[in-house]
Amino acid sequence: MSGRRVMIVAGEASGDLHGARLVQAMRALDPALAFSGIGGRNLRQAGVRCLADVADMGVVGLTEVTRKLGTILRARRDLRRILSDAPPDLLILIDYPDFNLPLARIAKARGVPVLYYISPQIWAWRKGRLNAIRKCVDHMAVILPFEKPLYDQAGVPATFVGHPLLDALGDTPAPPEARRMFQLAEGVTTVALLPGSREGEARKLLPEMLGAARIIARELPPVQFVLPLADSLDPAVVEGIVRRRDLAVRIVRNRIYDVLPAADVALVASGTATLETALMNLPMVVVYKVSPLSYWVGRAFIHVGHISLVNIIAGKTVVPELIQGEAHANRMAVEVIDILSRKSRKLRMHEELSQIRARLGEPGAAAKTAALAMDLLNT
């Protein structure tokens, strides 16, 4: 059955990557499918006609949305018009719940089946969203093992497909090869800096990370720094911040899975990158910083003891988390230096990180989710 149309909506960089793999898996089952929606470089390369870019949609915190509100509202208006005037045959939503759940309601009203890939974090906050999901989502493709029981209890059809990062990692280079690949010196301590995938996030965290890097370089020479740049970040913005700090940092675009094996430790913005780093078995310090109002409001609603996916999945503190006032250069440097200096702590972190992969299911998330999508298309 050719000529069927699919709308896919990914509002952030990680969703763009995982969505692209899903599109490829669906096209393998039906090459004639036509895709449109919201995405970034990866979804465009997969052949999706994108009406807005994830770089203009991603925000961190509740107050940071104001600067991009115009773009977000225009994108929502355009998608709503399409859903009402020319409904697709299937709507696929990837995380980004404040934007996506209203679209799901419109789709449901128009008789469009809805597949939700990568669940909103209902286990952390706003569990009331389960009611909205039950009413307007036909199937949830969840990527964390503890999510399926929550949906089962709420009466929402759900399938645990495994974490898509298990596919995205692929074959990664050995540390010596990775260092040669990016002209990094062998035998020199290497620190990776991952300031996040959103511009506002990077502007807050990268200056502090660079300040920490200067301290680390002074206290533990020789040391080198590498920064794998997220697809959704403007290289000029990041290069400008680094240039102003007058510090040698190797900036690498679109190669995070090749870069991380080169590092001995990482400073990582809370988010998907913490899990990517964990799957590389790389010790890390997780940092998180939003506006004071965003943090205050968030703390009133968030009901988990950790912010990083690594610690949430482990059910304990495996990696240190520096939040808000603690996410400053001196504190980051102290944690990184301690990990590098205390062999027992580094080994323990390696052992605990190695257990994370086993909890994330088997590879093949995109193929399993594509099968669910095709079932909805064919009903």
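The values are calculated or read from the model by the stated rules, or taken from the named source; none is laboratory data. The shown structure was predicted, so the numbers you read here are calculated from the model rather than taken from an experiment. Cβ placement follows ideal geometry from the backbone for every residue including glycine, while neighbour counts extend to all protein chains displayed.
Selection over the range 155-171 of residues that are touching a helix residue (DSSP H, G or I) at 6+ places or on another chain (Cβ under 8 Å) and more than 17 Å from VAL114 (Cα to Cα) gives a count of 9.
Reported count of residues in the range 316-350, each being of a type in the set (Asp, Glu) and in contact with a helix residue (DSSP H, G or I) (Cβ under 8 Å, 6 or more places away or on another chain), is 2. In a loop (DSSP other than H, G, I, E, B) and in the same structural domain as MET284 (by TED's automatic domain parsing): does that describe VAL334? In short, no. Residues that are in contact with a helix residue (DSSP H, G or I) (Cβ under 7 Å, 6 or more places away or on another chain) and farther than 30 Å from SER270 by Cβ were ranked within the range 88-111; the one that is surrounded by the most Cβ atoms within 10 Å (Cβ to Cβ) is ALA107.
Only one of the listed residues (ASN254, ASN311) is among the polar types (S, T, N, Q), closer than 26 Å to GLU186 by Cβ and either modelled with pLDDT under 95 or in contact with a Lys or Arg (Cβ under 8 Å, 6 or more places away or on another chain) (or both). That residue is ASN254.
Quick check on PRO235: is it at pLDDT 95 or above and assigned by TED's automatic domain parsing to the domain that holds LEU309? When the stated conditions are applied, PRO235 does not pass them. Test ASP152 against the criterion of being farther than 30 Å from ARG218 by Cβ and free of Cβ contacts under 8 Å to residues at least 24 places away in the same chain, and give yes or no. Considered against the rule, which asks whether it is farther than 30 Å from ARG218 by Cβ and free of Cβ contacts under 8 Å to residues at least 24 places away in the same chain, ASP152 comes out as yes. Against the numbered list (1) surrounded by fewer than 16 Cβ atoms within 10 Å (Cβ to Cβ); (2) modelled with pLDDT under 95; (3) not polar (S, T, N, Q), LEU165 comes up short only at (1).
The set of residues from the range 76-89 being within 12 Å of SER36 (Cβ to Cβ) and either basic (Lys, Arg) or part of a helix (DSSP H, G or I) (or both) comprises ASP78, LEU79, ILE82, LEU83. Of the strands (runs of 3 or more DSSP E) contained entirely in the range 114-229, those carrying at least 1 residues that are over 30 Å from ALA262 (Cβ atoms) fall at 114-117, 139-142, 158-160. If ALA266 meets every condition in (1) under 23 Å from ILE323 (Cβ atoms); (2) small (Gly, Ala, Ser); (3) at pLDDT below 95 apart from one, which number is that one? Condition (3) is where ALA266 drops out.
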